[in-house]
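Only one structure is covered here, and it is reproduced in the block below.
The values are calculated or read from the model by the stated rules, or taken from the named source; none is laboratory data. Being a predicted model, the structure only gives us computed values, none of them experimental. As a convention, Cβ positions derive from the backbone with ideal geometry for all residues, glycine included, and neighbour counts pool all protein chains shown. Please note that ligands, DNA and RNA were not included when accessible areas were found on the heavy atoms of the full protein model with its side chains. Shrake-Rupley method; radii C 1.70, N 1.55, O 1.52, S 1.80 Å.
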Amino acid sequence: MEDLRVATTTGTDTVLEEAAVEEFKAGLRGELLRPGDESYEEARTVWNAMIDKRPALITRCAGAADVIHSINFARNNEFLVAVRGGGHDVAGTAVCDGGLVIDLSRMKGIRVDPTRRTIRAEPGLTWGEFDQETQAFGLATTGGFVPTTGIAGLTLGGGLGYLMRRFGLVCDNLLSVDIVTAEAQLLTASETENEDLFWGVRGGGGNFGIVTSFEYEVHPVGPMVLGGLILHPLARAKETAQFYREFTSTSPDELTTYLAFVTSPDGQPMVAFVICYSGPVDEGEEVIRPLREFGSPVADMAGPMPYTAIQALGGDLFPHGRWNYWKSNFVQELSDKAIDTMIDQFSAAPSPFCVAAFEHLGGEVSRVGEDETAFGDRSAPYTLIITSGWVDPAETERNVEWARGFWEAMQPFTLDTVYVNYMDIRDEADRIKAAYGAEKYERLVSLKNKYDPTNLFRLNKNIQPTV
Ligand SMILES: Cc1cc2nc3c(=O)[nH]c(=O)nc-3n(C[C@H](O)[C@H](O)[C@H](O)COP(=O)(O)OP(=O)(O)OC[C@H]3O[C@@H](n4cnc5c(N)ncnc54)[C@H](O)[C@@H]3O)c2cc1C
């Protein structure tokens, strides 16, 4: 084997002798991959096909000991580090060029305690895997709406999902984490232990260390819920969105409804109510009746279904392997002008895989105190998310420009704040402070100064230390 060139945090490469690689490998329980190894190509591939990064080394950690060993190795050599959970970050922060990827995707241990209604989960799990385990006991907690998204990155950024208006954000259901800091110390953070760190990991992303175990509260849900899609033609989008605005202003907490602008498989632009009612199904039928009775839907595909089925619906809309670029903001009000602009902009979508949506927040999300967690903005009743997706790399510029133009046009109607997990950090690093707001950002900087003063964990929605 030749000596390896590895990227460092100083911006230069360093040469790593074969003996040093072997010594590092010998201390791992999991695999160490490098270019040329059989699993290397698969291990460097993430959800967004636009990302094509070639790490020097990938450690597929088997447990916390591997994480500690990898952090020590990276810190002592000043290597550039990326941390991988489910690999869904749109900007591909889970991988890096030339550096070390600390890959947690093999850490899939999970244990439900149905008596205490808690769950211990390792960071390599996806939401599909997590939901399958909890639903075996008729339990669930708020989780992402695409089954292949990782629990780790999603939880650490805050976590939106169909159950959030009833049970809060994913991070609101977090009871504790085990986290390995930049000093390679394994700490437990909870309401009673390392409280400052616990505040930071509930919205502050992967800035403060690598979480090796999440403990969540879970709740009785399902197995059947009421949900699915009701589709209207884009020509009726204005009335549909105005109705959505009125309807969501009085929705009960058990109901989460998104308004999604999509293209049907036969190429028709549509606007859809995406519904999940997680209370008793018969009560839900009454609650969603106005949604069913509104206008003349092209299709009403809402009905009773297993909670795991509704959690899987988003998978087809956002499969692995397409090219993707995203823009987002929180939104205070769906004014008529905002709705008109949304419709105009979506009408010019360059690809059938482009989706734009308003997601209804509120309920328990807004009842948790703004200062209780690092999550950006709990006062906003909606998010706006614009996702461009395409399959032909030659279409990249058109799709990226469409999302940017759409987002610019919506700026008069949005807040400055944005959900960090929806940011495409490839060209948005300057939005981090606005994402959290100045006050919260300062608190995050203090925490970063304490737990990661050299910014070892920098390939993320980065809070830059000031020490
Ligand atoms: C198709 C799709 C659907 C989505 N749906 C939702 C949704 O319903 N709700 C929602 O809130 N968000 C959603 N998101 C956004 C999602 O929250 C982020 O993409 C999130 O980063 C995904 O986590 P991951 O572990 O898969 O990502 P990764 O790309 O693996 O990780 C992202 C970042 O998280 C950090 N990280 C990951 N694991 C750890 C760890 N164990 N310790 C410390 N830091 C870590 C690292 O900084 C890493 O760069 C969706 C994204 C996609 C692509």
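Data table
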read-out	value
Candidates 64, 49, 7, 82, filtered to the one that is closer than 28 Å to residue 392 by Cβ, in contact with a Leu (Cβ under 9 Å, 6 or more places away or on another chain) and at pLDDT 95 or above	82
Enumeration of residues in segment 390-417 that are open to solvent by less than 40 Å² (accessible area, probe 1.4 Å) and in contact with a Leu (Cβ under 9 Å, 6 or more places away or on another chain)	407, 410, 414
Filter result for residue 349 (open to solvent by less than 10 Å² (accessible area, probe 1.4 Å) and either touching a strand residue (DSSP E or B) at 6+ places or on another chain (Cβ under 8 Å) or not in a strand (DSSP E or B) (or both))	no
Residue 7 vs. criteria in a helix (DSSP H, G or I) and more than 28 Å from residue 318 (Cα to Cα)	no
Output for segment 425-444, where each listed residue is touching a Ser or Thr at 6+ places or on another chain (Cβ under 7 Å) and either crowded, with 18+ Cβ neighbours inside 10 Å or of a type outside the set (A, V, I, L, M, F, W, C) (or both)	425, 435, 437
Condition broken by residue 164, with the remaining ones in (1) within 8 Å of the ligand (Cβ to nearest atom); (2) over 30 Å from residue 69 (Cα atoms) satisfied	(1)
Positions within segment 48-59 being in contact (Cβ under 8 Å) with a residue 40 or more places away in the chain and open to solvent by 10 Å² or more (accessible area, probe 1.4 Å), in sequence order	49, 50, 51, 53, 54
Candidates 295, 279 - the one that is in contact with a Lys or Arg (Cβ under 7 Å, 6 or more places away or on another chain), in contact (Cβ under 8 Å) with a residue 12 or more places away in the chain and part of a loop (DSSP other than H, G, I, E, B)	295
Residue match in segment 246-262 (condition: of a type in the set (A, V, I, L, M, F, W, C), over 26 Å from the mean Cα position of the chain (by Cα) and at pLDDT 95 or above)	yes
Top-ranked residue in segment 445-467 [being touching a residue at least 12 places away in the same chain (Cβ under 8 Å) and open to solvent by 40 Å² or more (accessible area, probe 1.4 Å); ranked as nearest to the ligand (Cβ to nearest atom)]	459
Residue among 2, 41, 23 that alone is open to solvent by 80 Å² or more (accessible area, probe 1.4 Å) and assigned to a loop (DSSP other than H, G, I, E, B)	2
Pair list, Cβ < 9 Å and 6+ apart or interchain, from segment 218-239 residues that are more than 18 Å from residue 164 (Cα to Cα) to residues that are small (Gly, Ala, Ser) and surrounded by 17 or more Cβ atoms within 10 Å (Cβ to Cβ)	229/260; 229/272; 229/302; 230/272; 230/302; 231/272; 232/272
Filtered residue count, segment 197-241, keeping only those that are in a helix (DSSP H, G or I) and open to solvent by less than 50 Å² (accessible area, probe 1.4 Å)	12
Any chance residue 72 is open to solvent by 40 Å² or more (accessible area, probe 1.4 Å), under 24 Å from residue 156 (Cβ atoms), modelled with pLDDT of 95 or more and more than 27 Å from the chain's Cα centre (by Cα)	yes
